[in-house]
1. Need pairs with beta-carbon distance below 7 Å; first residue on the phi < 0 side of the Ramachandran plot and buried (at least 16 other Cβ atoms within 10 Å of the Cβ) and within segment B:356-368, second of a type in the set (D, E) and modelled with pLDDT of 90 or more; sequence gap 6+ or separate chains.
2. Quick one: is B:L197 within 21 Å of B:F225 (Cβ to Cβ) and either outside the structural domain of B:A238 (by TED's automatic domain parsing) or in contact with a helix residue (DSSP H, G or I) (Cβ under 8 Å, 6 or more places away or on another chain) (or both)?
3. For A:V52, indicate whether it is among the hydrophobic types (A, V, I, L, M, F, W, C) and either more than 14 Å from chain B (Cβ to nearest Cβ) or not in a strand (DSSP E or B) (or both).
4. Give the residue that is least open to solvent (accessible area, probe 1.4 Å), with candidates limited to residues of segment B:140-161 that are in contact with a strand residue (DSSP E or B) (Cβ under 6 Å, 6 or more places away or on another chain) and within 10 Å of another protein chain (Cβ to nearest Cβ).
5. Among the residues of segment A:131-140, is any within 14 Å of chain B (Cβ to nearest Cβ), within 18 Å of A:N94 (Cα to Cα), at pLDDT 85 or above and outside any loop (DSSP other than H, G, I, E, B)?
6. State whether the residues of segment B:222-230 include one that is part of a loop (DSSP other than H, G, I, E, B), in contact with a strand residue (DSSP E or B) (Cβ under 6 Å, 6 or more places away or on another chain) and within 14 Å of chain A (Cβ to nearest Cβ).
7. Within segment A:78-103, track down each residue that is within 9 Å of chain B (Cβ to nearest Cβ) and assigned to a strand (DSSP E or B).
8. Which one of the conditions (1) modelled with pLDDT of 90 or more; (2) loosely packed, with under 13 Cβ neighbours inside 10 Å; (3) not β-branched (V, I, T) does B:D345 fail to meet, given that it meets all the rest?
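The values are calculated or read from the model by the stated rules, or taken from the named source; none is laboratory data. All of these numbers come straight from a predicted model, not from anything done at the bench. All Cβ positions, even for glycine, are placed from backbone atoms using ideal geometry, and neighbour counts span all protein chains on display. Ligands, DNA and RNA are stripped out before the accessible areas are found, and what is left, the full protein with its side chains, is counted by its heavy atoms. Shrake-Rupley method; radii C 1.70, N 1.55, O 1.52, S 1.80 Å.
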Amino acid sequence: MDRFILTLVVGLFAVAGFGQNRTQIKLNNSDNSAVHQRIVRDVSALLTACNVASVQNKAIDWTGIQIGNNAKSRINDIWSTSPFRCIETNLDVNLLRIPGGKFQLRQIPVVVITGDARKNEELVFNIRPDGSIEDLYFGLDQHRYRHLLSAGEGLTDFRRRQMILDFLENFRTAYNRKDLNMLEMTFSENALIIVGRVVQETERGVDGMASLGQQKVELIRYNKQQYMENLRRVFSRNAFIDVNFDDIEIVKHGSRDEIYGVNLRQKWRSSTYGDEGYLFLMIDFEDEEHPLIHVRAWQPEKETPMEEVIELGDFDIIK
Amino acid sequence: MIKRTVVFLWLLSFGGLHAQTCDEILNDKAYFSYRATAETVEAARSAAQDFLLNQITTTVKSVTELKTKEISGEVSQEYVSTGRMSSNLRLSGLRHVVCENQRRRDDDVTVVVYISLDDLEKSAREVENQVQQYLEMMEMKKLLDNDILTDAYTAYLLTFLSPMNISATFEGNKIRDARSFLEILLKQHLRDIDLSLAKPRPGGPGMEEQFSVEMNVIGSNQTDFVYEFYSSTLNSRAQLPRGKGTFHFIIQPSAPKERYRGYLSFSPLRIDPNVRDAAEANGFSKEVSIEFDFSDIIEVDFNIREQGENVIASPVLKHLSPRTFEWFSNGKLISTDQILRVPKDEIQGSVKLVVNGLTSHAKEQTVRGAPIQTVQTDKKPEITTEQEVRSVSLLGSELGKLQNFSDLQNKLRSFRQNGQATWGRQNDFVNPDQCWVIMVDGESQKLIHVLTPNQDGRKDLKTGKVFQQIDEQFNGYAQIWIDLF
């Protein structure tokens, strides 16, 4: 009994005092296969290592975690700007199947530490068919995720929506990783990039005094190279970048099944700057393994009326 | 010219392939084959193909119903499945060959349609792969707490495109027969749902027999389903998209609560075009029992007056089809006639009318102390004889339920055998105002209007409208004038 009390006290101290809690996941739909066992072991070990590293403000200790170098490198990139910890000790999760025989774990609650801020996020683990961790993203809002998936009409549309949401989660997390390579590969060579800039129009009144004037949005067009160069500068001068996507809407093109339009609200927060705006992406799934963005348009939310938000119908597609 | 060349080349290429004769193909165990003879190659091919497909798919289509039986208060449910032939298979590798040496007459041609067992297997695997993808999607949606029944329905219909039973994997379990698995899933939904009803609302003046009632499917949160309720007794059906809708019916209730049986079925709002044919032939339905509550709208009243030494009372009923009348005075039964006609001295204090034994809706009027209105008149009472009540409420409403001319013919024959009706043209009747008038569309043979006898206008039982006269708006329809008695 004394030993039990001692264990309990030590356990509470460990969790409450240092936050270095273990996180053990359990698969609700496990078949106890070797693959499932590996997933449970590696994901639990990685989350626990993150919990320890976030408290100690150190790099992740990968000892005992079987993971490929590529995945390790990507997670380390996230860690360098957005370390996190999971405060749950036991997590019951569903193992989802995604295209390509892969698996996915969603809704793993974590607290992300960016600068002095703490923010609740949900992790998404992508897992290879052999059970090894392939990648880790910050997920979209689960309610929205379910809604967007359920709106799919039939098998193909469901799969595409699944891929778009997976792509958006990866795209969003690319900013946390400062992953210029991924972003560069994502934009097509001839991508049209539109950025709205607020301009103040001042008018002279009859008395010669300047009136308050009106704020207007000027749309500036960039090519891929110009945009990537801007992004490179942004990445270099910010310790962290945190991008959040809300109010996502997915629209399939009327005549081209492989083209989708995605409208969403983007919240951008970095060490030096923050804004909110409407983001439109035209995504081409002709090569489903490597979807391409043909159009990226951003407009400031406050100054852009809803009817002027750029959407898929605003473009003629010539391929 | 191009067309001819193509046809010629096709024949040449077919000739090249035609290493086996018809008899060889028919006797070859590596093929499923069937032979048919007709006047043209196309007709013979089509017939042989139908036979072949039916041979492959004898049990492909099934209509499954969950039937509820009530014996001595015990309610039991059972599934009833009826098999039908099908030719909606998705087959790749179906071929045919014209048997030149099989000619029976100069203008007949024999064709053998065949498919190899390998191609049959391949076709099944193609469908199986698609069903499996649906099951994986269902598995994913289930884990995300999303609805899976619409996909289950589509996958279930897809199985009918396969020439063989197909297996699948769901949630890590191997399923030997995907169709049975999906059918059970859908039947479970059927078992879990039921109908709830609001109180029926009667139509406006002149349409008292037309009711509408709001229906709700309970036990379902399916937003992608359209449900349907159908009652053959009431001859009406209601579409309930997303589980809600209005059921319209015509009835003259005889009790405050009346129970009817009907069928509740469901299908997705959107159906994959690839399985539309299968959807038309395969449905799920369940027999349900519904109860209408008319208690708030039934009205029983009577007019009472003196006539010489007698007191005469006649019932005034609303939303009630009378079967029996009981007149009481001071608690004593004084008459069971429809019209009360008794000497004044038999009335003690009050008169009470009970119709159909419904004491809950009885009407009582005090007569002593308040003088009974004395009326010397031969005016026809509101409800005169049992015969007339029956004519209007039963025989007439039977006409209203008929849909087409042949139904009407059968009904009129039946009326004539029972001595209940005569019919003809308007000029055949001395007082055509007392006739029912049926308007028949000559082309479709449908009964468009069923008009009641003229009492301040004719009410159309089909539309509920009241027409003051038979005029040019009915031109183009055949008119049948019927006297019900």
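1. Note: pairs meeting the criteria are B:K363/B:D301.
2. Numbers: within 21 Å of B:F225 (Cβ to Cβ): yes; either outside the structural domain of B:A238 (by TED's automatic domain parsing) or in contact with a helix residue (DSSP H, G or I) (Cβ under 8 Å, 6 or more places away or on another chain) (or both): no.
No.
3. Numbers: among the hydrophobic types (A, V, I, L, M, F, W, C): yes; either more than 14 Å from chain B (Cβ to nearest Cβ) or not in a strand (DSSP E or B) (or both): yes.
Considered against the rule, which asks whether it is among the hydrophobic types (A, V, I, L, M, F, W, C) and either more than 14 Å from chain B (Cβ to nearest Cβ) or not in a strand (DSSP E or B) (or both), A:V52 comes out as yes.
4. In the first step, residues of segment B:140-161 are kept if they are in contact with a strand residue (DSSP E or B) (Cβ under 6 Å, 6 or more places away or on another chain); the result is B:140, B:143, B:150, B:153.
Okay, now just the ones that are also within 10 Å of another protein chain (Cβ to nearest Cβ), so B:140, B:143, B:150.
Numbers: B:M140: 3, B:L143: 32, B:T150: 24 Å².
So the residue we want is B:M140.
5. The initial filter retains those residues of segment A:131-140 that are within 14 Å of chain B (Cβ to nearest Cβ), namely A:139-140.
Checking which are within 18 Å of A:N94 (Cα to Cα) leaves us with A:139-140.
Subsequent filtering for residues that are at pLDDT 85 or above retains A:139-140.
This time we only want the ones that are outside any loop (DSSP other than H, G, I, E, B), so: none.
No, the conditions are met nowhere in segment A:131-140.
6. If we filter segment B:222-230 for residues that are part of a loop (DSSP other than H, G, I, E, B), which is where we start, we get B:222-224.
So of that shortlist, the ones also in contact with a strand residue (DSSP E or B) (Cβ under 6 Å, 6 or more places away or on another chain) come out as B:224.
Next, only the ones that are within 14 Å of chain A (Cβ to nearest Cβ) stay: B:224.
Yes; the residues of segment B:222-230 include at least one that is part of a loop (DSSP other than H, G, I, E, B), in contact with a strand residue (DSSP E or B) (Cβ under 6 Å, 6 or more places away or on another chain) and within 14 Å of chain A (Cβ to nearest Cβ).
7. Hits for segment A:78-103 are A:L95, A:L96, A:R97, A:I98.
8. Only one criterion in (1) modelled with pLDDT of 90 or more; (2) loosely packed, with under 13 Cβ neighbours inside 10 Å; (3) not β-branched (V, I, T) is unmet by B:D345, namely (1).
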